[in-house]
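See below for the structure under consideration.
Bear in mind these aren't lab numbers, they're just calculated from the coordinates by the rules spelled out. Owing to the predicted nature of the structure, the values given are computational and were not obtained by experimental measurement. Here the Cβ is made from the backbone with ideal geometry for all residues, glycine too, and neighbour counts use every protein chain on show.
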Amino acid sequence: MTALGRFSQMLRRSSLTQVQHQFSAASGRGEQSVKSWRNLTFLVALPSVGVCMLNIFLKEYSHEQPEFIPYSHLRIRNKRFPWGDGNKTLFHNPRVNALPDGYESHK
């Protein structure tokens, strides 16, 4: 049992010294790597997220309602929905979701 304990301690020491050696050898490159990743974050990633947010914001408010075409295979109601008036889906949005007879009037 003691031989197993000594062997495991020897393995831990050898693996720790290898890890310490790897970090000490790469410490000069590590500082440069941190600076480059920080610059990429602030100069590329954050402005890209801002541009995407602006794009979504502008598209949301310039949304035009598509023309209603009463296709026979869309918006089929064989049975009433168990909520509301029975004609609207659960997540109905009057601006973009048409009913079987057309869009709701804008109020």
Quiz item: Which of the aspartates and glutamates could a cross-linker span from K88 if the Cα-Cα distance has to be under 18 Å and same-chain partners fewer than 8 positions apart are dropped?
Solution: D101, E104
Quiz item: Distance in nm between label sites at I56 and H73, each 7 Å beyond Cα in the beta-carbon direction?
Solution: 3.3 nm
Quiz item: Counting only residues 5 or more places away or on other chains, whose amide H sits under 5 Å from the amide H of L99 once H atoms are built in the peptide plane?
Solution: E104
Quiz item: Per residue, what volume in Å³ does the Cα convex hull of region 63-106 take up?
Solution: 84 Å³
